[in-house]
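**Q** Structure provided below as structure tokens; questions to follow.
The values are calculated or read from the model by the stated rules, or taken from the named source; none is laboratory data. Source: prediction; values computed, not measured. Here the Cβ is made from the backbone with ideal geometry for all residues, glycine too, and neighbour counts use every protein chain on show. Side chains included, ligands, DNA and RNA excluded: accessible areas come from the protein's heavy atoms. Shrake-Rupley method; radii C 1.70, N 1.55, O 1.52, S 1.80 Å.
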Amino acid sequence: MSNIELMMPIKATPYEHQKNAFAFACEKFGVFDGRIKSRGVALLMEMGTGKTVVSIAVAGCLYQIGKINRVLVVSPLSIVGVWKEEFEKFADFPYSLTVLKGTAAKKKEQLTKLPEEGLQVVVVNYESAWRLEKELLAYDAELVIADEAHKLKENRTNQSKGMHHLGDRAKYKLLLTGTVITNHEMDVFSQYRFLNPQIFGMSFYSFRSRYFDMAGYRNHIPVFRRWMMDDFLQKMHSVAFRVTKSECLDLPEIVEEIRTVDLEPKALKLYDSIEDESYAEMEKSEVTTANILTRLLRLSQITGGHLTDDDGIVNSVSTAKLDALSDIIDTCMAEDKKLVIMARFVPELDDIEELLEKKKIHYAVVRGGVKNRNGEIRSFQYDEKCKVFVGQIAAAGLGITLNDA
């Protein structure tokens, strides 16, 4: 076992690229020689390569050598629960983890009643982080982790500004994403402003004037200066560890990730009432397979966001699952990956298509009523612009090849 592996306080045998990422972060943070080279490190690791595991190992190591006591993890809403699961699975050091949930008042209250055992970890979603900026600054985390940090690519949003302020206070920062450049080189500034302002500076306009020419109508369109590419990449990679899935020869072929989505309180109340009502009705009447399946179908509909009433009218009751899907789509598009989405119910499929259209993402679809099924599949497989395949399980569950995803 290598020295690096011994330093990683996790309950698993790390892959080679994970050891290298851990060593890179520790070296920049001065773990080996006491000299801090950068207070921020970017882990540009594609989905499925284990950037969360590496982050947990880095946090645990910094805690064990007495550098940190408090961690703040900021992530998309759909991933906050993943952090709790990953800490439970991998952290081999004492810690207490609190996921901030509920109303703003409840989240603020949670921050005043944090457990004090081991490393304190607070997990919150991006939307809440800037709204709770004052309280999170008071929490005073020594390590701030920005997960799926392409969410910070817009420099002037409240979300980004809040993260910049939290980052300015923290001693150490980790930025996790498959790639910092999603559509344009401009995306880098805000993320690195959070990570390490020494790399590209504090001023967006200075950054823009150094790397871009302004072109188009009234000089509103920034065009990257290609001759500055070497300088740009050298600075960007000076504090970034980059790895793609194809480079990880020791990774298993398939990595499964299960995300638990919490229904909103109103939808959960409806779910519970229909569940109770179902048990009550089944006690009174004959229990048949068809009867039970009908009940389960209604509950399944609710988790998908809809419920058909007695008059056959479909009502929207939840967006929790769709919001989680929106985060997954954003991540895949940021990493320029193709994505397959399978759903069961027609209203769900309608919502997914509407979401993709709002995001201006080109997609293929196979569902009831689609006549040119083979054409849709070909479009997904061979058209680079077609990024998403939407399939209805009944219509697209068998006999099709979607290996471009």
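**Q** Quick check on the stretch 118-126. Is at least one of its residues within 23 Å of Asp187 (Cα to Cα), assigned to a helix (DSSP H, G or I) and either open to solvent by 10 Å² or more (accessible area, probe 1.4 Å) or not charged (D, E, K, R) (or both)?
**A** Within the stretch 118-126 (the criterion being within 23 Å of Asp187 (Cα to Cα), assigned to a helix (DSSP H, G or I) and either open to solvent by 10 Å² or more (accessible area, probe 1.4 Å) or not charged (D, E, K, R) (or both)), the answer is yes, since at least one residue qualifies.
**Q** Out of (1) open to solvent by less than 10 Å² (accessible area, probe 1.4 Å); (2) modelled with pLDDT of 95 or more; (3) polar (S, T, N, Q), what's the single condition that is false for Gln64?
**A** (1)
**Q** Another question, if that's okay. Select from the stretch 216-229 the residues that are surrounded by 11 or more Cβ atoms within 10 Å (Cβ to Cβ) and not β-branched (Val, Ile, Thr) and list them in ascending order.
**A** Listed by number, the residues that qualify are Pro222, Phe224, Arg225, Met228, Met229.
**Q** Identify, from the list Tyr192, Tyr217, the residue that is modelled with pLDDT of 90 or more and over 15 Å from Val124 (Cβ atoms).
**A** Matching residue, one of Tyr192, Tyr217: Tyr192.
**Q** Can you tell which of Ser55, Ser38 is of a type in the set (Ser, Thr, Tyr) and assigned to a helix (DSSP H, G or I)?
**A** Sole residue among the options that is of a type in the set (Ser, Thr, Tyr) and assigned to a helix (DSSP H, G or I): Ser55.
**Q** How many residues does the stretch 230-259 contain that are open to solvent by less than 50 Å² (accessible area, probe 1.4 Å) and among the hydrophobic types (A, V, I, L, M, F, W, C)?
**A** Qualifying residue count, the stretch 230-259: 8.
**Q** For the subset of the stretch 227-278 comprising residues that are without any contact (Cβ under 8 Å) to a residue 12 or more places away in the chain and of a type in the set (Ser, Thr, Tyr), which member is nearest to Leu176 (Cα to Cα)?
**A** This residue is Ser246.
**Q** While we're here: Does Ala129 satisfy the criteria of being open to solvent by less than 30 Å² (accessible area, probe 1.4 Å), out of contact with any Ser or Thr (no Cβ under 8 Å at 6 or more places or on another chain) and not acidic (Asp, Glu)?
**A** Yes, satisfied.
Residues checked against (1) without any contact (Cβ under 8 Å) to a residue 60 or more places away in the chain; (2) charged (D, E, K, R):
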| position | (1), (2) |
| --- | --- |
| Val41 | no, no |
| Lys67 | no, yes |
| Arg70 | no, yes |
| Ala91 | no, no |
| Val99 | yes, no |
| Glu117 | yes, yes |
| Val121 | no, no |
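**Q** Please note which helices (runs of 4 or more DSSP H) are completely contained in the stretch 141-210 and include at least 2 residues that are surrounded by fewer than 16 Cβ atoms within 10 Å (Cβ to Cβ) and not hydrophobic (A, V, I, L, M, F, W, C).
**A** 158-169
**Q** Sort through Asp336, Asp311, Asp351, Asp330 and tell me the only one that's under 26 Å from Ile274 (Cβ atoms), of a type in the set (Asp, Glu) and touching a residue at least 40 places away in the same chain (Cβ under 8 Å).
**A** The unique qualifying residue is Asp351.
**Q** Right, here's the next one. Are any of the residues in the stretch 284-303 in contact with a Phe, Trp or Tyr (Cβ under 8 Å, 6 or more places away or on another chain), surrounded by 11 or more Cβ atoms within 10 Å (Cβ to Cβ) and without any contact (Cβ under 8 Å) to a residue 40 or more places away in the chain?
**A** Yes, the stretch 284-303 contains at least one residue that is in contact with a Phe, Trp or Tyr (Cβ under 8 Å, 6 or more places away or on another chain), surrounded by 11 or more Cβ atoms within 10 Å (Cβ to Cβ) and without any contact (Cβ under 8 Å) to a residue 40 or more places away in the chain.
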